[in-house]
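Everything below concerns the one structure shown next.
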């Protein structure tokens, strides 16, 4: 199983189209956001991980996402993933991230200790 994309989003919708196909509509893709209040603050961005399972793979793996800032782990999420071999799937990950200052957190995503996909998320000062 491997990661095709990992993105911070506002919302995700799925819809059927004619045939055996499904569409995933991602809304509000973001790499930064203004803080809801001055720091210190806790934010809960949503991360979607889109994956593919090759036809010759088992179809199950553990998705691990570690949220790091300056090498320090702020949060970690591990969840089992089942995707039918030869198909695609997605998982949503929501972490509570405490910020003492504005800056960047990196989400390190991987399956079963495999290669990492790293996605930055920057917390900006609140909009006045």
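Using every pair of alpha-carbon atoms in the chain, split the distances into 10 Å bins beginning at 0 and state the percent of pairs per bin, rounded to integers. Reading the bins upward from 0: 12, 40, 31, 13, 4, 0. Taking 38, 20, 115 as the candidate residues, the one with maximal mean-square fluctuation in a Gaussian network model of the chain, Cα springs under 10 Å, is 20. Residue order for 21, 32, fewest other beta carbons within 10 angstrom first, comes to 21, 32. Inter-label distance, residue 27 to residue 60: 3.5 nm, where each label sits 7 Å from its Cα along the C-beta direction. Counting every other Cβ atom within 10 Å of each residue's Cβ, 41, 118, 48 order from fewest to most as 118, 41, 48. Between 103, 19, 114, the GNM of the chain built on Cα springs shorter than 10 angstrom shows 19 fluctuating the most. Of the residues 34, 85, 18, the one that moves most in a GNM of the chain with alpha-carbon contacts below 10 Å is 18.
When both region 1-58 and region 76-128 are represented by their alpha-carbon centers, they are found 9 Å apart. Remark: relative contact order (region 8-53) = 41 percent; criterion is Cα-Cα distance under 8 angstrom and separation of 6 or more residues. Taking other C-beta atoms within 10 angstrom as a stand-in for reagent exposure, 76, 110 fall in the order 76, 110, fewest first. For region 1-34, the residues whose backbone nitrogen is under 13 Å from a point 7 Å from the Cα of residue 94, taken along Cα to Cβ, are 9-12. Above 19 Å, the calculated P(r) of region 63-126 contains 37 percent of its Cα-Cα pairs.
No lab work stands behind these numbers, since they all come straight from the coordinates. Note that this is a predicted model, so its numbers are computed, not measured. When we count neighbours, we look across all protein chains shown, and the Cβ atoms used for this are built from the backbone with ideal geometry, even at glycine.
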